[in-house]
Amino acid sequence: QVQLVESGGGLVQPGGSPRLSCAVSGTFSSINAMGWYRQAPGKQRELVATVTNGGRPNYADFVEGRFTISRDNAKNTVHLQMTSLQPEDTAVYYCKASVRTYWGSVTLDTDYWGQGTQVTVSA
């Protein structure tokens, strides 16, 4: 089993800079891409940012340089440093990890999701 646990959400004032963290635990061989997604009320879940196991980031257009994704491969964690938050950034933020597991000659690549952490931007 693989578990993802997010932390760092909460109520943030406009312009705030919270940092989200996600820790991956369980039985697996390695973690490929990791990422953050978000879902606002009444909207579909959307990509925020991803990072490869080599550390190459990719951001959604709406990030516009405000967020930075990073990962610590030794600790199996991924972080999202957010800055200049606005009310439209209010959403549940989800962590995703693409995990590789070897079972004898079989290679399994599976995506796992965290339970989500609420980020509310309001004065």
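The values are calculated or read from the model by the stated rules, or taken from the named source; none is laboratory data. These figures come from a predicted structure and were not determined experimentally. All Cβ positions, glycine included, derive from the backbone under ideal geometry; neighbour counts span all protein chains shown. These area figures cover heavy atoms from the full protein model, side chains too; ligands, DNA and RNA do not enter into them. Shrake-Rupley method; radii C 1.70, N 1.55, O 1.52, S 1.80 Å.
Any chance you could count how many residues in the range 54-92 are open to solvent by 80 Å² or more (accessible area, probe 1.4 Å) and at pLDDT 95 or above? Spell out how you get there, then give the answer.
Narrowing the range 54-92 to residues open to solvent by 80 Å² or more (accessible area, probe 1.4 Å): 56, 61, 64, 73-75, 88.
This time we only want the ones that are at pLDDT 95 or above, so: 56, 61, 73-75, 88.
Selection size over the range 54-92: 6.
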Expected output for the range 22-46 (first residue polar (S, T, N, Q), partner in a loop (DSSP other than H, G, I, E, B), Cβ below 8 Å, 6+ apart or cross-chain) is Ser25/Asn76; Thr27/Gln1; Ser30/Asn53; Asn32/Thr52; Asn32/Asn53; Gln39/Arg45; Gln39/Gly116
Scanning the range 98-111 residue by residue, those open to solvent by 60 Å² or more (accessible area, probe 1.4 Å) and part of a strand (DSSP E or B) turn out to be Arg100, Tyr102, Trp103, Val106, Thr107, Leu108, Asp109, Asp111
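What are the residues in the range 18-29 that are under 20 Å from Ile69 (Cβ atoms) and loosely packed, with under 13 Cβ neighbours inside 10 Å, if any?
Keep residues of the range 18-29 that are under 20 Å from Ile69 (Cβ atoms), which gives 18-25.
Of everything in the range 18-29, just one residue is under 20 Å from Ile69 (Cβ atoms) and loosely packed, with under 13 Cβ neighbours inside 10 Å, namely Ser25.
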Within the range 30-44, residues open to solvent by 60 Å² or more (accessible area, probe 1.4 Å), modelled with pLDDT of 95 or more and under 17 Å from Gly9 (Cα atoms) come out as Gln39
